[in-house]
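Heads up: the structure comes next, in structure tokens.
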Amino acid sequence: MTSTTLPICIAGHWRAGRGERYATCYPATGEPVAWLNAANLEDLEEAIQCAHQAFLHSGWAQRKPHERAAVLYRIAEGIRAQAEELAQLQRQDNGKPILETRALVASAAATFQFFAAACETLEETITPSRGDFMTMSVYEPMGVVAAITPWNSPIASEAQKVAPALAAGNAVVLKPAEITPLLALELARICDAAGLPKGLISVVPGKGSILGDALTSHPLIKRVSFTGGTRTGKHIAHIAADKMMPVSLELGGKSPTIVLDDADLDHAVAGVLYGIFSSSGEACIAGSRLFVARALYQPFMQRLVAAASQLRVGDPADERTQMGPLISAAHRESVERYVALGLAEGGRLLLGGQRLEGAAYGQGYYYPPTILEGLGNQQRVCREEIFGPVLVAMPFDDEATLLAEANDSLYALAAGIWSRDYKRAWALGRRLQAGTVWINTYKQFSISTPFGGWRDSGLGREKGRLGILQYMEQKSLYWGMNPQPLAWAGINMEAAS
Ligand code: NDP
């Protein structure tokens, strides 16, 4: 690690931010990875003004779709060319195991490639004519878009916003989480090298409490794409309402995973484990409420606990590691408070529940896979997002009660069903209230499939071929085809001539 100050990308220039100097730290050791100065409010204003000028004058918005796509394809290639370096950097920035960060980097490249294709194949339509005119529906870029991302999967969530926003012809001001700014900065470098006109992307690392409102309420910001906590998302939604500005909000979750009595238990155990404990549970879609058919409950839980106790928690640089540390000391304390609350509410620990310390874990913020039972769906650990490796298991007796409980949550982001009976899974899947339902699988993603939440889990959808339209304004064009003037004015052409 060097103590040199990293430059940030403001308005097409690489220079030190004018905000507070701080270090980003490796959660596995607590040691600094890089030093940088945050952007301050003046930097932010410069970035927004410059993005606006670049939007108006760089010619990006006017380029033909296939020409913009060519730049996005080069960005995808740029990410691939330094994939290992980026994966290692992301591992250091947020402590995820290297196998996981490699997958996130690959997904970021695929996202740019996908939206390049979406851009050059986006069709504008001629709508059925209902008069003496031809009608068209077309799409225009919006201007300057703010992209705001959390710390848990930086390069993937940044790509999911920046790629469609640029593909649509916009400029972007990207605000990464204060504690994980490094991948956003690398992405801006790759955009530069790929030939994106200067000023079209700025990266403003810094505290949301300082930069957030100034960014989202700025009159030149025409859309906000936000991923983060529900409280912050609602705050942004209020600001957006005042400006009549569209927003997309990818927020929290408390997803139910359901094991029916005819499930393939090997698949279900593997899927439930992956659903809650991969990413150390720091995932919006973590399957944190487990409902198991009562007839299966005891044997299933025995297998689940035995398998969970074998998960390898440790050094994120080790390719065998399945769970790394949590993001910070403060976040680990928050997870610990939730487990203590679950126990105080009458829960029993089946596994974990004590922070991992000692030589093997150094100063890292490690927490083991933790499984609680003996709690009901009404208790706080089942209602609030813990965002850590904590699973609450509950037996159920019949599908009607199960469905009511699974749907009884402020959140509605995702759900999982394990069953060998596809008709039963279909019926249940259609009645679960969630943006994504996985059947006999969990936490699988495809950039070609829309993603987003209902209720407190968010507004709008990212991904999917039409995800690009989130970053465009629709416009209708009418072309008059009548050789006569409009009848209303009563102009007689023959008399007039
Ligand atoms: P936060 O909402 O605290 O932060 C998310 C981002 O918003 C950060 O960049 C943060 O900056 C910024 N921010 C904070 N305050 C404001 C503000 N007033 N205006 C604008 N931006 C602001 O969430 P967490 O960092 O705690 O992230 C975890 C949350 O993200 C979880 O709830 C999780 O479920 C959700 N999430 C949702 C996903 C989804 O797709 N649905 C995916 C991943 C996570 P700063 O870094 O300074 O705090």
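The values are calculated or read from the model by the stated rules, or taken from the named source; none is laboratory data. All of these numbers come straight from a predicted model, not from anything done at the bench. Every residue, glycine as well, gets a Cβ built from its backbone with ideal geometry; the counts of neighbours run over all protein chains shown. Each accessible area value is taken on the protein alone, full model and side chains, heavy atoms only, with ligands, DNA and RNA left out. Shrake-Rupley method; radii C 1.70, N 1.55, O 1.52, S 1.80 Å.
With respect to (1) open to solvent by 30 Å² or more (accessible area, probe 1.4 Å); (2) among the small types (G, A, S); (3) in a strand (DSSP E or B), the lone exception for S248 is condition (1). Somewhere in the range 452-468, is a residue more than 23 Å from V145 (Cα to Cα), polar (S, T, N, Q) and touching a Leu at 6+ places or on another chain (Cβ under 8 Å)? Looking for residues that are more than 23 Å from V145 (Cα to Cα), polar (S, T, N, Q) and touching a Leu at 6+ places or on another chain (Cβ under 8 Å), one finds none in the range 452-468, hence no.
Scanning the range 195-211 for residues that are open to solvent by 10 Å² or more (accessible area, probe 1.4 Å) and in contact with a Gly (Cβ under 9 Å, 6 or more places away or on another chain) yields a count of 5. Is it the case that S225 is more than 9 Å from the ligand (Cβ to nearest atom), of a type in the set (S, T, Y), buried (at least 24 other Cβ atoms within 10 Å of the Cβ) and closer than 16 Å to A38 by Cα? So S225 does not fit the description; no. The criterion of at least 2 residues that are β-branched (V, I, T) and surrounded by 23 or more Cβ atoms within 10 Å (Cβ to Cβ) is met by the following strands (runs of 3 or more DSSP E) wholly inside the range 103-181: 144-148, 171-175. All of Q49, Q92 fail the test of being touching a strand residue (DSSP E or B) at 6+ places or on another chain (Cβ under 8 Å) and either assigned by TED's automatic domain parsing to the domain that holds V162 or within 24 Å of T449 (Cα to Cα) (or both), apart from Q92. Restricting L403, L391, L372 to those that are crowded, with 22+ Cβ neighbours inside 10 Å and without any contact (Cβ under 8 Å) to a residue 60 or more places away in the chain reduces the list to L372. Can R320 be described as outside any loop (DSSP other than H, G, I, E, B), open to solvent by 40 Å² or more (accessible area, probe 1.4 Å) and free of Cβ contacts under 8 Å to residues at least 12 places away in the same chain? So R320 does not fit the description; no. Per the listing A240, A188, the residue uniquely within 20 Å of the chain's Cα centre (by Cα), in contact (Cβ under 8 Å) with a residue 12 or more places away in the chain and either within 15 Å of the ligand (Cβ to nearest atom) or in a loop (DSSP other than H, G, I, E, B) (or both) is A240.
Of the residues making up the range 196-237, those that are under 22 Å from P141 (Cα atoms), hydroxyl-bearing (S, T, Y) and in a helix (DSSP H, G or I) number 1.
When you look at L466, is it open to solvent by 70 Å² or more (accessible area, probe 1.4 Å) and outside any strand (DSSP E or B), yes or no?
Here the answer is yes, as L466 does meet what is asked.
All of (1) within 16 Å of the ligand (Cβ to nearest atom); (2) open to solvent by 30 Å² or more (accessible area, probe 1.4 Å); (3) of a type outside the set (G, A, S); (4) in a strand (DSSP E or B) hold for W438 with one exception: (2).
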